Amino acid sequence: YNIFPGNSGWKKSELTYRIVNYTPDMAAAEVDAAIQRAFQVWSDVTPLTFTRIYNSVADIEISFAAQVHNDFYPFDGPHGTLAHAFAPNNGIGGDAHFDEDETWTSGSRGYNLFLVAAHEFGHSLGLFHSSDPSALMYPTYHFIEPSEFHLPDDDVRGIQSLYGAREVPVVPEQPSNPSSCQPITFDAVTTLRGEILFFTNKTFWRQISQESQAEHHLIKTFWDALPNHIQAAYEYQDKDQVLVFKGAKYWVINGYEVTKDSPKSIYDLGFPRTVRRVDAAVHDENTGKTYFFVGDKFWSFDEKKQAMDSVTPKKIIDGLPGVGSKVHAAFQKNGLLYFFDGHRQYEFNAAKKRVTRVLKSNSWLKC
Amino acid sequence: FPAETPQDSEENAKFAEEYLKNYYNLKTDGVRQGRKKSGSQISEKIRQMQDFFGLEVTGRLDSDTMEMMHQPRCGFVDVGE
């Protein structure tokens, strides 16, 4: 992370904001919700509070404008520059401007206002661009499902270097004990020495054998060096390793030890810089290939050569018919591949190149 | 693959110059500068940009650099004023 040189942020923790005008692309209520949630990203991890005001000038003035708009930083029409915001200060300091020539949405079409606003408010609070590709403060836009958004560690460290951490009552860090019978969405699934691990948020389910009851643990209890909210994982048995992915980094696990040279950069695996996270990964023992899922595409990686098979990825719907257009978690068991999407799981026979069963995501966990 | 035409190169160079002006404080006074001086200034800004994004630092407008420049992004500059 980086902070603005010579700017140590706001001198107060109770800040105000005002939405000066609205974009016609979205309902006013949608804009209000996106802006409010974008502030919450930062207030969740700092002592800062954000109060909306209507009738006077606020610390952070939010507006939509096109082309020249009185700040010497004219917008450039559709695409290119989406928005900008100014470092904490009086007057224009802290203000955030959004390019009205873009198409703003609360979904994945066009540009998601919540994601862009959360980035811009990072500037409004004193953060400069980060060179960590998985950080919110990285300069380029990258869509992720807003419901899956968690402020990356790099940004948390950055904002807390300016304002400190939020003081919250200390609660014991025990995993809640949700029933594995409830529908669960997994962040990542992998085998580990014959067991199956199902990661979700800060915890994971551990299925030791098909007969046993699944155990539920905090990730930190087993691997202190791993982050929470991991996004992909796979086992490569030939090296007795599990690779765990979050953002543009990955960690290598040997059993219950994280290797000392972790985390590493995903770009060392051959991804282009436009890839900022891996949604899912699975090693296919039948082919010796590892498949990495990014958006609606997947990459094939040759473990022996330690190189991508092609410089361009394939569409999931072309390579894995029936699995859908996105994969959120995957693993292999008994020669079959299992792909997770929300509460669903697809059993896929690679030899027959078709889906053989559709299961609930928690079918491996004994209720 | 079609070979890159001189026109493509010219368009890439113009696009890159605008990009570097916007986000890397490339200063041009609007008057055509000497080829050597202007080239080295732009090349230095390209290096800064490549270094920031973790690209291979070549100082040239290669395909990875152009692809990164075409991505939608925040308008704030990437380097200190």
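Each reported figure results from applying straightforward, stated rules to the coordinates on display, with no laboratory input. These figures come from a predicted structure and were not determined experimentally. Cβ: placed from backbone, ideal geometry, glycine included. Neighbour counts: every protein chain shown.
For the reader, a short list of remarks on this structure follows.
- For the stretch A:229-244, 3J(HN,Hα) computed residue by residue from phi via the Karplus equation (6.51, -1.76, 1.60; θ = phi - 60°) reads 6, 5, 10, 7, 7, 8, 9, 10, 5, 4, 10, 6, 10, 10, 9, 10 Hz, glycine and proline entered as x.
- Between the stretch A:287-365 and the stretch A:50-124, the Cα center-to-center distance that results, in Å: 39
- Potential lengthening between A:Gln67 and A:Ser147 on full extension [0.36 nm per residue; Cα-Cα distance subtracted]: 25.6 nm
- Test item: Cα-centred dipole of the protein assembly as shown, Lys/Arg +1 and Asp/Glu -1 on Cβ, debye: 840
- Other-chain or far-sequence residues with amide H under 5 Å of A:Asp279's (modelled H): A:Phe293, A:Val294, A:Gly295
- Using only Cα coordinates, the Kirkwood hydrodynamic radius of the protein assembly as shown works out to 23.9 Å.
- Average Cα contact separation per residue, chain A, under 8 Å, 6 or more apart, as relative contact order %: 12
- Dipole-positive endmost among A:Ala83, A:Tyr111, A:Asn55 within chain A (Cβ charges, Cα centre): A:Tyr111
- Length released on extending from A:Lys12 to A:Val168, taking residue separation times 0.36 nm less the Cα-Cα span: 54.3 nm
- Cross-link reach is defined here as a Cα-Cα straight distance under 17 Å, omitting same-chain residues fewer than 8 places apart; for A:Lys249 the lysines meeting it are A:Lys260, A:Lys264.
- Those lysines that a straight Cα-Cα span of less than 18 Å connects to A:Lys304, excepting residues fewer than 8 apart in one chain: A:Lys239, A:Lys289
- Net charge dipole, the stretch A:1-45: roughly 260 debye, given to the nearest 20, about the Cα centre with Cβ charges of +1 for Lys and Arg and -1 for Asp and Glu.
- Charged-residue dipole, Cβ positions (Lys, Arg, Asp, Glu), the stretch A:250-309 about Cα centre, Debye nearest 20: 280
- With only Cα atoms counted, the stretch A:156-283 has Rg and Dmax values of 16.0, 51 Å.
- Relative contact order, percent, the stretch A:87-224 [alpha-carbon distance under 8 Å, six or more residues apart]: 13
- Separation of alpha-carbon centers, the stretch A:182-237 and the stretch A:250-278, rounded to whole Å: 17
- In Hz, Karplus ³J(HN,Hα) per residue of the stretch A:195-212 (6.51, -1.76, 1.60; θ = phi - 60°; x = Gly, Pro): 8, 10, 10, 10, 8, 8, 6, 9, 10, 8, 8, 10, 9, 6, 8, 5, 8, 7
- Think of it as helices only: each DSSP H run of n ≥ 4 in the protein assembly as shown is worth -39500 (n - 2.57), and spread over all residues that comes to -6500 deg cm²/dmol at 222 nm.
- 20 °C / 1.002 mPa s Stokes-Einstein diffusion coefficient of the stretch A:84-164, Kirkwood radius on C-alpha pairs, µm²/s: 161
- With each label modelled as a point 7 angstrom along the Cα→C-beta vector, the A:Cys181-A:Arg37 pair spans 3.2 nm.
- Straightening the chain between A:Ser161 and A:Ser300 buys 46.1 nm, computed as 0.36 nm per residue apart minus the Cα-Cα spacing.
- Residue mean of other protein chain beta carbons inside 10 Å, A:72-82: 3
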